[in-house]
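Okay, so here's the structure we're looking at.
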Amino acid sequence: MNVSQCLLFRKKDNPNGGATLLELLLGSALMAFVVSMAGWGLVHILATDQKASAKETIQYNSNRALEFLTDEIKLGRKIDSDAVAALAEAPDFTLPDGAKPIVVFQVPDVPQRVIYYTRPIEEGEVWEGPDVLERWGPRFNEEGQYDETEINNPENWESSILIDSIDNTAHTPTCDTDWQASNPNSTEGFNACVNSEEKLVKLHLATTIDNPTWHNEINYQVETTAFARSNLTQGFTEDTPIFSVSNKKLMLEKPATVKFEVLGGEITCGAGGVEIPVETNLYIDETKHSWDGDSPLNLPNQSAGTTFDVESIAGNGSICNKHNLTASSADPDSPQLEVLVNGDPVPDVTPFADQNTIEFFLQEYIKDGKINIAENQVIYLFELGSRDKGSSAFDLQDNVVLATVESAN
C-alpha cells in the first residue's frame, strides 16, 4: 500500500478528520486565482473608467480652449499672417525659451498685440505636458470684456495658460492656396493658417494624455475657423473707426467728442536766445475756432464727417529779425509737420542747440522708440524754426499737440 492509498483509507475511516495539507494547498491556490482574477477585473474596470473620463475631459478642455480663442479673435481687427514678425508690435512681451508664437492679432483700442503661443512645460510645474498653450494680453473682467484699467498698460499684462496636454509631435501645417502658416517653422500640437486678407484663421489643436495603466495614450484633435470681425468690438458694438487721418487731416467717421491739448514745445531765437512765442489754432471744417492753447480744448458732440486741422505759428514779427513761420495740417505736403498714431516710429532728429528732445515732450507717450498712445489718439509734431530738413534748427519739437477722440456713444 502506497502513501496515497493510506491517506485515502484514513479519510474513509475517519470522515470528520478535516482537510489534508494537499487539499489546503489546492484550495488556497484556487482562492488566490479567483481573488487575483477578481482584482484584475476590478483594476481593468477602473482603468477603463479612468481612461473614458480622461478622454471626455481632454475633449471638453480642447473644445473649450478653441471656443475661448475664437471668441477673442472675433474682437480683432486683423490676424497677423506672420506671428513671429508681429511680436515687434508687442514690445512689452518677452517670448519664453522654447516657445513658439502661433496666433497674434490686433484688437481695436488695444495698444499692443494679443498673443497665443505654445511652450514646453518646465520641471516642477503642475501642468500636464508635454506642452501648454498660453495667452498674453489684457485681463478680462467679470463681464467678459477687457479690464479697462489694463488695456493701456501692457507692461502689466501677464501670460496665463489656456490649456495643457498639448502634443509635441513635430508638424508642419499645410495651408490652402492664398493662406499662410502663421509660424513657418515646424510647430507641434497647435498651429494656424491665415488667409491673405488677414481676416480668417484656421486653427488646429492636438492634445494628448497618457497613463501606464492604459497601455496606450489618448489623442484628440480638433479644428475650427475663426473670423476677425473688424466691424465689432468687445461688447459686440459697431466698430466703424471713430476717425481717420488722411493727408494729415483728421476726420470723424462717426459722432464723437474731441479734445486737443498742447503738450509743450521749445523754440528760441538762436542758441540760448529769447523764446519765440507760439500760437496754436484749430480749424473745424476749415473754419477757425477760438482756442487758448494754454488750456485743453474740449469739443463735445461733433458730427460724423467733421474735419479738423491744427495750425502753429511761431513769432509775431516783433522779435528775432521779425521771425514769423506757420505750419498746418491743412498742407499735406508740408515737411514742417508730422502727424503720428500709435506704433509710428519717433522721428530721428537732433534738437537745436541745447533744447529738449521730442522724447522729452512725449516721455509719457513713447516706448522702445515708437509712439505708445491709445488707438483713439493722434500726435502732431511741428517744426517752426526752418523749412529746410537739413538745417540744424529742424527738430520737430517746437510745438507738440495731442488729440483724443472719444465716441459720442
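Along the axis of the charge dipole computed for the chain (Cβ charges of +1 for Lys and Arg, -1 for Asp and Glu, origin at the Cα centre), the listed residues N376, I102, H204 are led at the positive end by H204. Summary of the geometry: region 322-389 and region 99-133, compared by the centres of their Cα atoms, lie 36 Å apart.
Once the Cα atoms are used to define both axes, helix 21-73 deviates from the longest principal axis of the chain by about 10 degrees. The residue list S81, P241, A181 was ranked by how far each Cα lies along the charge dipole of the chain toward its positive end, using unit charges on Cβ atoms, and A181 comes out on top.
Shape class for region 149-221, computed from the alpha carbon gyration tensor (a ≥ b ≥ c): oblate, with a/c not under 1.5 and a/b at or below b/c. Residues C269, C320, arranged from fewest to most other Cβ atoms within 10 angstrom of their Cβ, appear as C269, C320. Taking a ≥ b ≥ c as the square roots of the eigenvalues of the Cα gyration tensor, region 360-409 is prolate, since a/c reaches 1.5 or more and a/b is larger than b/c. Its relative contact order, with pairs defined as Cα atoms under 8 Å and 6+ residues apart, puts region 243-407 at 28 percent. Within the set (1) 47; (2) 26; (3) 22, the number that percent of Cα pairs over 37 Å apart takes when calculated for this structure is listed as (1).
This model, with +1 at the C-beta of Lys and Arg and -1 at the C-beta of Asp and Glu, gives the chain a dipole about its Cα centre of some 1900 debye. Restricting attention to region 243-407, the count of lysine pairs at 8 or more positions apart or across chains with alpha carbons under 27 Å apart stands at 18. Summary of packing: across the peptides 158-170, 371-383, 254-266, the per-residue average of other C-beta atoms within 10 Å ranks them, highest first, as 371-383, 254-266, 158-170.
Where a number appears in this text, it was derived from the coordinates with a stated rule and is not lab data. These numbers come from a predicted model, not from an experiment. Neighbour counts run over all protein chains shown; Cβ positions are idealised from the backbone, glycine included.
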